[in-house]
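The structure appears below as structure tokens.
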Amino acid sequence: MREIKEGFIPFKGYKTYYRIVGKCDEGKSPLLALHGGPGAAHDYLESLDPIADTGRAVVYYDQIGCGKSPTPSMPDFWCTELWEEELDVVREALGLKSVHILGQSWGGMLAMQYATHHPKGVKSMIVASSPSSTALWLKEANRLRTYLPQDMQEALIQADNDGDYSRPEVVAASDEYYRRHVIKLDPQPDFVIRSMSQMGEPYMVMQGASEFVMTGKLKDWDITDELKNIDIPTLVTSGSADEATPYISKVIYDRIPDCQWELFDGGTHLCHVEMAEEYNAVVEAFMAAHD
């Protein structure tokens, strides 16, 4: 039975929820996991829990405004700088002076932005299925969409034009895109369903209503030119069928000094769930090399 500790950290007049699985053996630093969205909850990353069995604590938290860290509707409040500040507050509150960081999707974007500011005590960073530029993300998403049947492509384009994403043909097209590029497991694990069902307003504020048109605050986000300044040992992970395409991952791999990259054959955006045992072994080996 893994030891689990939960609690809340005061932040900006609200509370940030955290969950810690296991404890660290001597000589090992904990893994801090940053979830995606923005607006999801940490639950879908719980496939990382078994890493705790190696003698390394795994720490999760729900970013403010997400999951068990709710706030009122505050569109002006949510921004990348806010969540970067929260990351430092979480580290301070939980005593994570020496830590490995894994960020998945938006979480990897946050991790990379954080890393460009040379934070102290970060032993290594795992960037899981993340872009360094939302413009490239959109370009690749729209390219992947062209491989859908023509009627599905047209349904998605029409929805982006008129804003009606509830039509059955649009739902069917979205489901097919997600099956191909986001998660291929059927049925999906409960912890994934639980996380995605909590996707909140921050997603609309930061991203928008669609995978293919960016209308939120992230529409101009791009740190590609800053990647060369990252001095933290970095592992990029992604799936060969991932919506974070190999091209997206290679842009990062080519620019972060001494970066490593693990491409999971057949994996999608949630390859960490689909191939959990293999994925966790790769991540643990990388962290162990940098403890």
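The values are calculated or read from the model by the stated rules, or taken from the named source; none is laboratory data. Bear in mind the structure is a predicted one, so any value in this text is a computation, not a measurement. Glycine also receives a Cβ, built like all others from the backbone with ideal geometry; neighbour counts cover every protein chain displayed. Only protein heavy atoms, including side chains, enter the accessible area calculation; ligands, DNA and RNA are left aside. Shrake-Rupley method; radii C 1.70, N 1.55, O 1.52, S 1.80 Å.
Key figures for this structure:
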item: Test result for G67, touching a residue at least 60 places away in the same chain (Cβ under 8 Å) and touching a Cys at 6+ places or on another chain (Cβ under 8 Å); result: no
item: Only listed residue being in contact with a Leu (Cβ under 9 Å, 6 or more places away or on another chain), among the basic types (K, R) and more than 24 Å from K28 (Cβ to Cβ), chosen from R194, R180; result: R180
item: Residue identified as aliphatic (A, V, I, L, M), in contact with a strand residue (DSSP E or B) (Cβ under 7 Å, 6 or more places away or on another chain) and under 26 Å from A209 (Cα atoms) among A40, A52; result: A40
item: Pair list, Cβ under 7 Å, 6 or more apart: the range 26-40 residue more than 26 Å from K97 (Cβ to Cβ), other residue of a type in the set (A, V, I, L, M) and open to solvent by 10 Å² or more (accessible area, probe 1.4 Å); result: G37/M199; G39/M199; A40/M196; A40/M199
item: Matching residues, the range 1-18, being on the phi < 0 side of the Ramachandran plot, modelled with pLDDT of 95 or more and open to solvent by 20 Å² or more (accessible area, probe 1.4 Å); result: E3, I4, K5, E6, F8, P10, Y14, K15, Y18
item: Residues being within 17 Å of E46 (Cα to Cα) and touching a strand residue (DSSP E or B) at 6+ places or on another chain (Cβ under 7 Å) - total across the range 199-216; result: 0
item: Cβ-Cβ under 8 Å pairs, at least 6 apart or on other chains, the range 270-289 side open to solvent by 60 Å² or more (accessible area, probe 1.4 Å) and of a type outside the set (S, T, N, Q), far side in a helix (DSSP H, G or I) and at pLDDT 95 or above; result: E277/P50
item: Subset of the range 134-171 [assigned to a helix (DSSP H, G or I), surrounded by fewer than 13 Cβ atoms within 10 Å (Cβ to Cβ) and of a type outside the set (D, E)]; result: R143, Q150, N161, P168
item: Listing of strands (runs of 3 or more DSSP E) fully contained in the range 29-112 that carry 2 or more residues being polar (S, T, N, Q) and open to solvent by less than 30 Å² (accessible area, probe 1.4 Å); result: none
item: Close pairs (7 angstrom Cβ cut-off, 6 or more residues apart or separate chains): free of Cβ contacts under 8 Å to residues at least 12 places away in the same chain in the range 140-153, in a helix (DSSP H, G or I) and open to solvent by less than 80 Å² (accessible area, probe 1.4 Å) anywhere; result: T146/Q153
item: Any hit, the range 248-261, residues being surrounded by 16 or more Cβ atoms within 10 Å (Cβ to Cβ), in contact with a Leu (Cβ under 6 Å, 6 or more places away or on another chain), within 28 Å of E81 (Cβ to Cβ) and not aliphatic (A, V, I, L, M); result: yes
